[in-house]
1. Given the -39500 (n - 2.57) contribution per DSSP H run of 4+ residues, what per-residue ellipticity at 222 nm results for the protein assembly as shown, rounded to the nearest 500 deg cm²/dmol?
2. At 1.4 Å probe radius, can you tell me the per residue accessible area of chain B in Å²?
3. Compute the length gained on full extension between A:Ser25 and A:Gln122: take 0.36 nm times their separation in residues and subtract their Cα-Cα distance, giving the result in nm to one decimal.
4. With each pseudo-label sitting 7 Å past Cα toward Cβ, what's the A:Val220-B:Leu13 distance in nm, one decimal?
5. Give me the percent relative contact order of chain A, please, defined on Cα pairs under 8 angstrom at least 6 residues apart.
6. Setting aside same-chain residues fewer than 8 positions from A:Lys246, which aspartates and glutamates have a Cα under 12 Å from its Cα?
7. Taking the solvent-accessible surface of protein heavy atoms with a 1.4 Å probe, what is the per residue accessible area of segment A:222-287 in Å²?
8. How high is the relative contact order of segment B:7-130? Use alpha-carbon pairs under 8 Å, at least six apart in sequence, and give a whole percent.
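The values are calculated or read from the model by the stated rules, or taken from the named source; none is laboratory data. Quick caveat, the model's predicted, so the values are computed rather than measured. Quick reminder, even Gly has a Cβ in these numbers, built from the backbone with ideal geometry, and neighbours come from all protein chains shown. Ligands, DNA and RNA are excluded from the accessible area calculation, which covers all protein heavy atoms including side chains. Shrake-Rupley method; radii C 1.70, N 1.55, O 1.52, S 1.80 Å.
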Amino acid sequence: MENILELQQVSKTFPKSNFTLNNISFSLPYGAILGFVGENGAGKTTTIGCILNTIAKDSGTVKLFGKEMLDADTDIREKIGVVYDGDNFPGHWSAEQLSKVMQGFYTKWDDELFRKYLEKFQLPPKQRIKHYSRGMTMKLAIAAALSHHPQLLILDEATSGLDPIMRDEMLDVFLDFVQEEDHSILISSHITSDLEKVADYITFIHNGSLIMTVSKNDLVYNYAVMRCKESQFLALNRSDMIAYRKRDFQIDVLVPDGKEAQRKYKDVVVDHVSLDEIMLLLVKGERA
Amino acid sequence: MKGLLRNNLYGTLSNAKVFAGFMILFGIFGVAVISQSVQIGYVMIGSIGFSLSAIIVAKNEFTTKWGKYKLTLPVRRADIVKSQFLNQVIWLLVGTFFVGVEVGLSWLFHGCPFDQHIAVLTLFALGISMNLFMGAIFFPMFYAGGEERGEMFWMIAILCAFGIDYTIITILNDLLEPGVTTIVFGAVALIVCSMAAFGVSYPLTVGIFNRKEY
């Protein structure tokens with residue numbers, strides 16, 4: 001399968017904050033949505049910075065559309081739409097002015113499409129952006145990111161701070177976007193429920209290190225959590241588990257194959273596991 | 001480049017409109033009264049003020065994520081810097097136009113306010129030179145020292161520009177005999193030195209900006 005985005009052993013150290021992004025590798029195939037999950041400060045924005053060249057990586061390779069993107073590769077950036085968390089654009093502009101500025105940047109800027117999005121998202125084109133609500137500014141950023149017909153969307157916490165209804169609307173827009181088979185989305189978020197709805201793959205990052213990348217189908221159909229008593233836990237084979245977390249009266253154990261675990265350990269309760277719970281087990285629990 | 005210039009224009013325009021209003025009122029006053037110091041003040045303020053609005057735009061872009069967002073657009077970092085230098089020159093021309101109209105009208109109504117006609121040339125050269133030195137000092141300092149200190153850097157840039165021009169004029173006055181030739185030579189020296197500084201500052205700023213992380 002061809003990849004629109006590929007990271008190989010990407011590392012970056014910030015000596016002042018003592019934070020290290022440690023050998024991050026993952027890939028995003030064409031036509032897919034990859035959810036990039038991790039707690040605040042896990043390294044999601046740093047990784048996106050390395051992908052977009054806003055941060056210089058210390059080592060490793062990042063390939064976009066099969067090529068390492070340099071500063072001069074403006075043709076690659078033509079094919080990427082970006083949305084950052086918060087205020088993406090100067091507040092004294094109106095959406096109309098933003099469109100005029102963007103026309104000067106993108107050869108494929110589609111003013112008609114942009115206006116359609118403004119209408120769809122109910123964004124007044126003449127109002128100054130600083131008078132928009134937070135939800136409206138995020139919608140505007142998403143409209144701008146989509147209006148030059150990009151192939152790859154990179155969304156850094158684009159849905160955080162939005163209410164559930166707005167988030168749902170945005171997720172529908174993203175799903176529409178990937179209907180085209182050469183379109184892909186990298187979406188970083190700590191709102192795991194959003195990713196459960198749209199992502200095809202989930203990459204977990206914690207403390208600057210990649211924990212795992214799995215397909216959502218694998219997570220939904222195979223991954224499970226075993227609720228064990230102390231004695232049951234001690235009887236488990238370590239190679240069957242990914243991580244575990246001791247709680248007051250039980251030990252939760254994350255396993256990659258719930259059915260197999262149920263067959264092997266008949267007296268243990270095996271539950272479906274949510275992304276939230278996986279994240280908690282991976283971040284707060286201990287790795288097996 | 002078109003997008004960058006439009007971006008800079010929208011950014012500068014709102015501040016420049018306010019400043020233009022002030023300059024028109026000040027200009028009417030300057031034309032109405034016969035005062036050499038008012039003329040000098042008008043030329044200096046006009047030459048620097050518009051470009052200062054342009055410089056402040058660069059700083060304001062980092063109060064939102066726009067400064068970082070621009071790096072994800074299909075433009076090179078060198079072009080971002082180039083557009084900022086160009087923007088400063090454009091607003092220098094706007095300022096020079098205002099100043100030219102005011103000085104011209106004042107001259108028309110009251111005659112030359114200076115002992116020698118040629119002194120007006122030095123005044124214009126001083127304004128343009130201060131403007132260019134200000135930009136030449138501000139941009140590399142701004143990107144090297146951090147966007148959050150933008151206000152401090154433009155103040156330092158203005159003071160340094162004034163200091164450099166003052167030094168050039170003092171040296172020339174010490175070295176050369178007073179006269180028309182000295183005035184013309186002084187004006188040329190100010191323009192040449194400031195243009196050279198502006199020219200050197202551009203690749204320096206690009207070099208610094210290329211290494212910046214956001």
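1. -18000 deg cm²/dmol
2. Using a 1.4 Å probe on heavy atoms only, each residue of chain B averages 45 Å².
3. Extra length from A:Ser25 to A:Gln122 when fully extended: 31.0 nm.
4. Simple spin-label model gives 4.8 nm for this pair.
5. About 21 percent, as a whole number.
6. A:Glu230, A:Glu286
7. About 58 Å² of surface per residue is accessible.
8. Worked out over segment B:7-130, it gives 41 percent.
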